[in-house]
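Colleague: Okay, here's the structure, questions in a sec.
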Amino acid sequence: MRKREIKKALIHLILIAGIGVTILPFFWMITTAFKTQGESVQMPPIWFPSAWRLDAFKEVLAKPNFLMVYKNTIITTVVTVLGQVGLCAMAGYGFARIHFPGRDILFVLILGVLMIPPQIFLMPQYLIIQNMGLLNTIPALFLPNLFSAFGTFLLRQSFLSLPKELEEAAMLDGCNRFQIFLRIMLPLTKSSLVALSIMVMKFAWNDLMWPLIVNTSAKKMTLAPTLASMISEYGSNYPVQMAGAVLSILPIVILFIIFQKQFIEGVASTGVKG
């Protein structure tokens, strides 16, 4: 009995240590955003500011393009999430429930995309955007990300876990294929839809490389490249840099807190049947 208690205590200590290592950088980022520049570089380091100041946040928000960049990021993220979730849901349902010639071969080809490093697609995507005349525009930021092989796989697994009797009953009631998908099957995959939405939102919100490739105008940029440029612009003014980082992660953190149950359920459902 005593060995079991010692083992349980050791497991809890390891988990607590892991939580501490994970949370510590975020805690330091948040407290630094409220410090003065002198306090942020003070040695030995101080954990809390002498007074909680909002000067760094005011300086970030006073930047001419920051609110515009924030708006660009919100637009890009919302369109990417809606487009990718909608298209992947239809593709996932088709691969899970509709039998058509070459279905399995086509699905294997889509899964093959997951095996290819995404950097390989940068040049073809850039050439497509260039030929469409969309360089330095907001659509250039989200068009290549409106479909995802992983999202198709995730939602296909979710649709496969649903009983076929639901579709058969709906067909007997006179529903067509689209009505079955939209009114019956789609609501039953809510957890997977929320999980995919959060994953896509995180990717779109934090995307750094693609905006730098297709856009050179500061007015068409997103948050991640703007925060990266603040490192050279503000140098050792760490409170301003941390204030920008805090403002950038707030939407993701809030959404995860609200939908964390659906997110965990959705990720777990990817292992069910297939």
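The values are calculated or read from the model by the stated rules, or taken from the named source; none is laboratory data. Treat the numbers as computed from the prediction; the structure is a model and nothing was measured. When we count neighbours, we look across all protein chains shown, and the Cβ atoms used for this are built from the backbone with ideal geometry, even at glycine. Heads up: the accessible areas ignore ligands, DNA and RNA and are worked out on the full protein's heavy atoms, side chains in. Shrake-Rupley method; radii C 1.70, N 1.55, O 1.52, S 1.80 Å.
Colleague: Report whether or not Pro163 is over 19 Å from Leu87 (Cβ atoms) and of a type outside the set (A, V, I, L, M, F, W, C).
Modeller: Against the criterion (over 19 Å from Leu87 (Cβ atoms) and of a type outside the set (A, V, I, L, M, F, W, C)), Pro163 qualifies.
Colleague: Let me spell it out: the conditions are (1) modelled with pLDDT of 85 or more; (2) open to solvent by 40 Å² or more (accessible area, probe 1.4 Å); (3) within 18 Å of the chain's Cα centre (by Cα); (4) farther than 30 Å from Leu134 by Cα, and Asn206 meets all of them except one. Which number is the exception?
Modeller: (4) is the only condition that Asn206 fails.
Colleague: Oh, and also: Please find, among Met171, Met221, Met230, the residue that is open to solvent by 30 Å² or more (accessible area, probe 1.4 Å) and either under 30 Å from Ile30 (Cβ atoms) or without any contact (Cβ under 8 Å) to a residue 60 or more places away in the chain (or both).
Modeller: Answer to the check: Met171.
Colleague: Does at least one position in the range 147-162 carry a residue that is at pLDDT 85 or above, open to solvent by 60 Å² or more (accessible area, probe 1.4 Å) and in a loop (DSSP other than H, G, I, E, B)?
Modeller: The answer is yes; a qualifying residue exists.
Colleague: Count, please, the residues in the range 75-86 that happen to be touching a residue at least 60 places away in the same chain (Cβ under 8 Å), more than 15 Å from Phe150 (Cα to Cα) and open to solvent by 20 Å² or more (accessible area, probe 1.4 Å).
Modeller: Looking only at that region, the number is 2.
Colleague: Would you pick out the residues in the range 87-109 that are hydrophobic (A, V, I, L, M, F, W, C) and open to solvent by 30 Å² or more (accessible area, probe 1.4 Å)?
Modeller: Leu87, Met90, Ile98, Phe100, Ile105, Leu106, Val108, Leu109
Colleague: Find the residue count for the range 4-47, including only residues that are closer than 16 Å to Val246 by Cβ, at pLDDT 85 or above and either open to solvent by 70 Å² or more (accessible area, probe 1.4 Å) or among the hydroxyl-bearing types (Ser, Thr, Tyr) (or both).
Modeller: 9
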